[in-house]
Every structure is written in structure tokens, then in C-alpha cells.
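Contents: one structure, followed by commentary.
The values are calculated or read from the model by the stated rules, or taken from the named source; none is laboratory data. Since the structure is predicted, the reported quantities are computational estimates derived from the model, not experimental observations. Note: ideal-geometry Cβ built from the backbone for every residue, glycine included; neighbour counts use all protein chains shown. SASA here: full protein model, heavy atoms, side chains in, ligands and nucleic acids out. Shrake-Rupley method; radii C 1.70, N 1.55, O 1.52, S 1.80 Å.
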Amino acid sequence: MSPPAKPTWRDTLAPDEPYPYQLIPGDDILPDVSERDLQPPQVEPFPSELYSELYEDRKSVLDRPPLRPVQAPLPDDAFVSTWTSPSWFDTDGSNRKEMPRVQAHSHPTESRAQRKERLARRDAVRRAFIYAWQKYKDSAWGHDEIKPASKQPSNPFQNWGATVIDSLETLLLMNLTREYELCRKHVWQVDFRLVNGADWAFGWRDLSGRDGESGGEMDEREWLTQGRSGTAHIGTFETGIRYLGGLVGAYDLSGDWVLLDRAKELAHILGKGFDTASGLIVPRFDAGIESEWLRAGRVSLAEVGSMTLELTRLSQITGDKWYFDKAQRALDYLEQELVPRSSLTPLLPLFFDATSRPDQLSGTFGFGAMADSYYEYLIKQHQLVGGATDQYQKLYSASVDKAREEIFFDIDVLPGRNYLTAGKSEHGRKIIELEHLTCFTGAMLGLGARLLWRAPDLEAGLRLTQTCYWLGAATPSGCPPEITTFYPNLKSALVNASVEPATIHTPEYHIDEHLAGTPPGAMRLDSRYLGRPETIESVFYMWRLTGDKRWQDRGWRMFVDWIDASTAPGGFSSIKDVTKESTEWGDNMESFVFAETFKYYYLLFSDPDFISLDDFVFTTEAHPLKLRNEAPGGFWTPSGPDVDKDLGVRASGTDVQLWLRHELMARHRRPPPHHGGAPPRGARVASGQGGGGRGMGGGGWRAS
Ligand code: DMJ
């Protein structure tokens with residue numbers, strides 16, 4: 001019998017299940033990629049004779065900058081002045097309760113052929129990861145990210161090597177031990193005081209009123225300081241989820257003392273950002289600032305509500321409540337001061353002013369960008385502390401109840417389909433859209449359904465995840481759009497489109513040429529796909545929660561299409577327009593592709609008990625944290641007894657950081673007004689990371 005003809009997006013509404021022809025064998029994906037071909041990173045070691053030049057003016061190396069009272073003291077009525085730490089939280093977890101089971105009680109038994117197929121898929125995911133990882137090592141090692149089309153490095157996250165730190169657990173879970181050990185040298189050496197080459201440990205100085213460009217009054221040190229003061233701002237949200245989360249999660253898997261050491265340091269640096277009147281963390285700040293407290297200003301909900309998991313776990317690990325307190329104080333402020341004032345209470349708007357207490361908070365409400373992980377962390381924090389307080393679960397449940405009334409919408413323009421989206425309410429106006437970022441909601445609802453016995457939420461989570469899946473299946477690239485805005489109903493679709501019914505963009509009719517590739521029912525698209533993980537995250541949860549194997553097949557179709565559309569010379573690129581059959585690269589592969597997208601695909605095809613959702617909770621960047629306050633470790637066996645021998649010098653700067661600093665200093669040494677001349681560059685030649693030879697013994701698991 002001949003295989004069924006391949007249908008196209010032109011003559012069918014994409015189905016909820018993959019077509020059999022789409023489920024190609026795992027062995028067909030990147031068959032030539034092998035772990036054996038992994039090569040050392042390409043980076044030029046920074047010469048030690050130049051090192052002192054970089055630091056001759058750095059009189060002292062400070063763990064934390066000295067603080068000096070500022071002109072304006074903390075207001076008397078500041079929330080932080082009266083806040084007290086709750087007594088229910090105990091770092092040893094003594095107040096924990098037994099939590100309901102999250103994963104399905106059993107997953108279907110596999111035949112031998114089914115197991116073979118699943119493992120072939122899992123191995124294909126691993127090969128794809130290895131491909132991208134090697135490309136990063138070849139062209140961007142130590143930098144934050146690689147641009148996969150041009151093979152150039154990029155540094156949106158302070159040049160601390162975001163991809164290295166975000167990837168740590170994926171390497172451990174894929175059993176790429178030597179690659180992990182390469183990364184721990186980076187972790188040990190990275191200097192958090194260098195922010196894109198600028199050094200905040202010089203101390204902050206106010207240069208306002210000084211005319212640097214024409215003055216000539218400044219000495220060299222002032223020039224360097226000026227260069228630093230304008231650029232040494234740390235973005236707290238991304239630093240928290242990518243770097244701190246990466247270090248804490250990888251420590252939980254490995255028990256590796258190197259990671260804990262650096263995680264604690266980084267948490268203390270970020271801790272300064274919480275020193276505001278409200279206790280909400282500032283979105284960006286200069287960690288060298290000599291100020292008693294900072295003004296938070298206008299913030300987004302996700303930025304101020306998404307560090308509870310990382311900091312709470314760090315408190316559990318170290319036995320030091322300091323970390324938990326920072327996050328808890330911020331959450332208490334949100335709950336006590338802002339939630340009661342919200343026009344859609346207990347939902348909070350995407351943005352608000354964190355310095356004043358307005359009478360009423362209104363604006364745009366949603367579960368997507370700028371809000372997402374705040375809601376996600378409420379239910380996950382409940383799980384992490386083992387239900388020791390009902391604070392998080394109450395806020396979570398009330399938020400989901402309100403969201404179901406106000407921002408969850410049935411999608412009515414697709415007859416026969418039971419689709420659901422979490423859209424937005426914008427000053428009361430309903431927007432029926434689906435951001436890809438919002439697709440994490442399926443996973444969150446499923447988790448909450450199990451932990452809090454909220455069965456209807458699982459149903460909603462399944463519908464939402466199915467909608468996210470279908471959106472990808474409905475484009476010619478097979479990848480989902482970044483944002484889809486739907487027609488509110490068929491009637492408005494006909495009116496709004498101003499076209500004859502015969503050409504209207506709905507499933508019953510042929511699709512007009514200018515709408516080719518756009519999913520039926522969509523009124524407007526942001527048609528990029530950035531390699532984001534949220535759909536596969538929810539697909540993974542639905543598989544683990546229900547044991548319904550169809551989720552594995554859906555995930556496999558997604559993976560095959562993503563690899564097909566995005567494979568570039570330097571990794572897996574973002575795509576400019578998913579509605580085109582032949583895709584154009586966006587030249588960007590964010591570190592979350594390594595941290596999240598690959599991890600969720602890999603886990604989808606692993607044994608269901610491997611990183612069980614009853615043993616781990618995932619941060620918003622997919623960093624797994626141990627539940628039940630269990631001791632870290634178990635996923636790393638050092639490859640040899642000398643594994644600590646060539647770590648180099650702690651916080652001395654990675655080669656990439658030092659080259660960049662050297663370049664920056666050379667630029668500032670050139671006298672104003674023009675900073676001409678070619679700076680020395682870190683050319684890339686074959687070599688491993690520089691060693692240094694300081695080794696230290698490992699510590700017990702509860703080190704503070
Ligand atoms: C990740 O960095 C995190 O999941 C974050 O919370 C928002 N989404 C991106 C990936 O899309």
C-alpha cells in the first residue's frame with residue numbers, strides 16, 4: 001500500500017496529532033554527530049604578564065562594596081523597616097508536609113520496539129545538543145552566547161558566559177562529564193565584578209557635571225571608573241534565573257563545592273539589589289554603588305517576583321536564612337501592599353511603580369512576558385517548602401481563579417477544536433492572544449492541579465498545551481509563532497478581514513494567498529520563533545502527569561521540525577518567519593536553548609522517573625532543585641582524582657573577560673576627546689582553558 005499523500009497547510013487544518021510521515025526515526029537526525037568528536041574550546045589564553053596591568057589600580061578586592069549613608073535616608077514608613085521574617089520557615093524543612101503525587105501513578109509499559117524508538121529519539125536530542133555545544137565552544141566559548149548563523153559571540157548578560165552556566169545540568173543529565181568539568185573551571189574563574197569588561201569593584205563615583213569628552217581633567221583611574229559607571233549595571237532578573245539558578249541547580253545535581261561557592265557569592269551580590277524601601281529587587285543596578293538603599297522605580301512583575309525558588313533552595317542548602325529572607329520580604333510586599341490595591345486582585349499588572357503605594361493598580365494583566373514566572377513561582381515555592389505555609393497556595397489559587405474569569409479565553413474560530421488561551425486584559429479590554437511565553441501555563445496548571453487537588457486546572461492545562469502544540473503544527477515551518485492574536489469569533493473574523501467568505505482565513509475555506517502559512521483563525525502574528533522552551537515544557541509535563549504517550553509523539557514532531565528549520569553553521573538559530581516554508585535565520589541562540597529547550601526534550605524521552613516531578617521542581621529557566629530538602633549530589637562522578645587540580649585562580653576572570661577588560665582599558669587610556677586606535681583583541685586560536693594549579697578539597701553538603 002502506498003503511503004498517504006502528504007497533506008499541506010493549504011488544504012487542511014493541522015491535526016492535533018502528528019501525521020505518521022512526520023514521525024521520522026530518531027537515528028535520521030544528525031547521524032554524523034558523535035560525542036567522540038567533541039573538541040576543546042577555542043580561546044586564546046590571556047597572558048599572565050598582562051594581568052597586573054589590568055588590576056594595578058584595584059587596591060582591594062571586595063566581596064561586597066563598602067556602604068556609605070546617602071543623602072536621603074530610608075523613609076521611616078519603609079516596608080523593610082517593619083518587616084519580620086516568618087517563623088514557619090526552617091532551613092532544615094521541619095515544617096514540611098507530605099505532598100500529593102504529581103506524576104502519573106504509572107506510565108504505560110513499553111514493548112521492546114517502543115523502547116528502542118524512544119531511546120533513539122532521546123539520543124537524537126543528545127546529538128543535537130552536542131552539535132550546538134561544540135559550535136559554541138568553537139566560536140564563542142566563555143562569551144554569553146553564539147550567534148549561530150554568523151558564528152559570532154554575543155554578550156547580553158555581562159559577559160560571564162551565560163551559555164556555560166545555563167548548560168551545566170543539561171551536561172550532567174546527558175552524562176557529558178568531561179564537558180561539565182571543563183565548565184567548572186569557567187565557573188571557578190569567572191569574575192562577577194567584571195561587567196562587560198568594566199569593573200564595579202573600583203567603587204562608584206558621581207561624575208555628573210564633569211565633561212569627560214572635552215575636559216582632560218580626569219586622571220586615568222577616573223576614566224576607567226567612568227567607563228565602568230555607565231556600563232557596569234547588572235540585570236537582576238536574568239542574572240537570577242540564568243546564573244544563580246544555573247549554579248544552584250547544578251549544585252543540587254552534582255554536589256560540586258565549586259558551584260556552591262560561586263552561587264553564594266553571586267547571591268550576595270544580587271542581595272544588594274533587594275535593598276529598597278519596598279524590598280522589591282531593582283531591575284538593574286551598579287553593584288559597586290556606595291548607597292545604603294536603592295530606588296526600585298518602575299518594575300515588571302516577573303522581575304520582582306521570580307527569585308524565591310533559587311534563594312529559598314540556597315537557604316535550605318546552606319542553613320542560612322539570609323537568602324530566603326530577601327525573597328520572602330519581596331513577596332510579602334507584593335501580597336500585603338500591592339495585591340489589595342489591584343483592579344483585578346489578586347492578579348497584578350505587568351508593570352507598576354515600586355517606589356510609591358498607589359491607591360489603585362491597573363494596566364495590562366496577563367500570564368505572558370513581564371508577568372509569567374511570578375505566578376509560576378507561587379505554586380513551585382509551595383512545593384519547594386513542602387506546604388509549610390498556605391501563603392503561596394492561597395495566592396496561587398486565587399490568582400488562577402481570577403485569571404480563568406478575566407484572561408482565559410476559548411478560541412471560537414476553529415470548529416471542532418477545544419482550544420484555550422491565556423490572553424490579556426488591557427485596561428479592561430480583552431485581548432485573545434497567545435504569546436509563546438504563555439505556553440508555560442499548561443505545565444503550571446497541571447502542577448497546581450496535582451498539588452492542590454484542582455482537577456479542572458489540569459483540563460485547562462491540557463487544552464492550553466494542545467493549543468500551543470497546534471500553533472506550531474499549523475505553520476509551514478512546524479515552529480510556533482512568538483505571538484498569535486486570534487479573531488474573537490467567526491463573525492468578527494468575517495467583518496475584520498473585509499474579504500469574501502470564500503477567502504476568509506478560517507478552516508472551512510481555502511486560504512487567501514496573502515495569509516499563506518498563518519495559522520487559521522489568527523488575525524495577527526509576531527512570526528518569529530526564538531527556540532523558546534515553553535511549549536515543550538508543557539508537553540513534557542503533560543506526559544509526566546498523565547502518562548499519555550501521544551504527548552511524546554507530539555514532542556517528537558516539534559523537535560524534528562525545529563531542527564529542520566533552525567540548523568545553522570553555528571547551532572540552532574532563531575527563525576525570522578515561521579509562516580515561510582523556507583526559513584530565514586534570526587542569528588541568535590539564547591542560553592535558554594541549552595538550559596531549557598534541550599533539557600525538556602531530553603527528559604521527554606528519558607525514563608519517566610529520571611528527574612521525577614515528585615523529586616525536583618524546575619525553576620523558570622528549567623534548573624531542577626531538589627524537593628524534600630534532600631542532600632545535593634548523585635549526578636556527577638568526577639572523571640579522576642585530580643579533577644580540582646587545574647581549576648585556576650578563583651574569580652581571576654576568564655580569558656574572554658580579561659581580553660575584554662584589556663580592550664576596554666586600552667580604549668580609555670587613549671586621551672579624550674577621541675578614543676582611536678585598534679585595541680588588542682582576543683584572537684581565537686586552538687587551546688584549552690588556562691590552568692593555574694590551585695586545588696582545594698571538597699566540602700560537606702551543608703556548607704555556609
Ligand atoms: C526563559 O529565560 C525563562 O523561562 C523566562 O522565565 C522567560 N522565558 C525564557 C525563555 O523563553
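Quick rundown of the values:
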| read-out | value |
| --- | --- |
| Virtual spin-label span in nm between VAL649 and GLU584, 7 Å along Cα→Cβ | 4.9 nm |
| Under Karplus coefficients 6.51, -1.76 and 1.60, residue-wise ³J(HN,Hα) of the stretch 646-654 in Hz, glycine/proline x | 9, 5, x, 9, 4, 6, 7, x, 6 |
| Protein accessible area in the stretch 62-167, 1.4 Å probe - carbon and sulfur % | 48 percent |
| Per residue accessible area in Å² of the stretch 360-417, where ligands, DNA and RNA are left out and the probe is 1.4 Å | 29 Å² |
| Shape of the stretch 292-333, Cα gyration tensor, a/c cut at 1.5 | prolate |
| In the stretch 531-575, trypsin sites (Lys or Arg not before Pro) in a DSSP loop with at most 14 other beta-carbon atoms within 10 Å | LYS549 |
| Shape of the stretch 348-401, Cα gyration tensor, a/c cut at 1.5 | prolate |
| At R0 = 35 Å, FRET efficiency that the Cβ-Cβ distance of SER612 and ASP76 yields, to 0.05 | 0.10 |
| Rounded FRET efficiency, nearest 0.05, which uses the C-beta distance separating GLU426 from SER356 and R0 of 22 Å | 0.50 |
| The stretch 604-661: trypsin sites (Lys or Arg not before Pro) falling in loop per DSSP and having at most 10 other Cβ within 10 Å | none |
| Virtual spin-label span in nm between SER52 and THR637, 7 Å along Cα→Cβ | 4.6 nm |
| Cut-off under 5 Å, modelled amide H: who pairs with THR364 long-range | LEU350, PHE351, HIS427 |
| Furthest towards positive pole of dipole, LEU301, GLY279, ILE289, structure part the stretch 239-306, Cβ charges | LEU301 |
| Probe 1.4 Å, accessible area per residue of the stretch 94-163, Å² | 44 Å² |
| Length released on extending from ALA516 to GLU459, taking residue separation times 0.36 nm less the Cα-Cα span | 17.3 nm |
| Cross-link partners of LYS147 among lysines (Cα-Cα below 27 Å; sequence separation of 8 or more within a chain) | LYS135, LYS137, LYS185, LYS576, LYS580, LYS599 |
| Surrounding net charge for ALA263, when Lys and Arg each add one and Asp and Glu each subtract one, Cβ distance under 11 Å | -2 |
| Placed amide H near VAL195: partners under 5 Å, 5+ positions off or other chain | TRP200 |
| Pairwise FRET efficiency - THR109 versus SER34, Cβ, R0 = 35 Å, nearest 0.05 | 0.65 |
| Placed amide H near GLN152: partners under 5 Å, 5+ positions off or other chain | LYS147 |
| The stretch 320-329 - phi-based ³J(HN,Hα) in whole Hz, Karplus 6.51/-1.76/1.60, Gly and Pro as x | 10, 6, 3, 5, 4, 4, 4, 6, 5, 4 |
| Over the stretch 110-204 - Rg/Rh using Cα atoms and the Kirkwood inverse-distance radius | 1.13 |
| Contour excess over end-to-end distance, with Cα ends at SER87 and GLN336 and 0.36 nm allotted per residue | 87.9 nm |
| Cα-based shape type of the stretch 95-154, given that a ≥ b ≥ c are square roots of the gyration tensor eigenvalues and the cut on a/c is 1.5 | oblate |
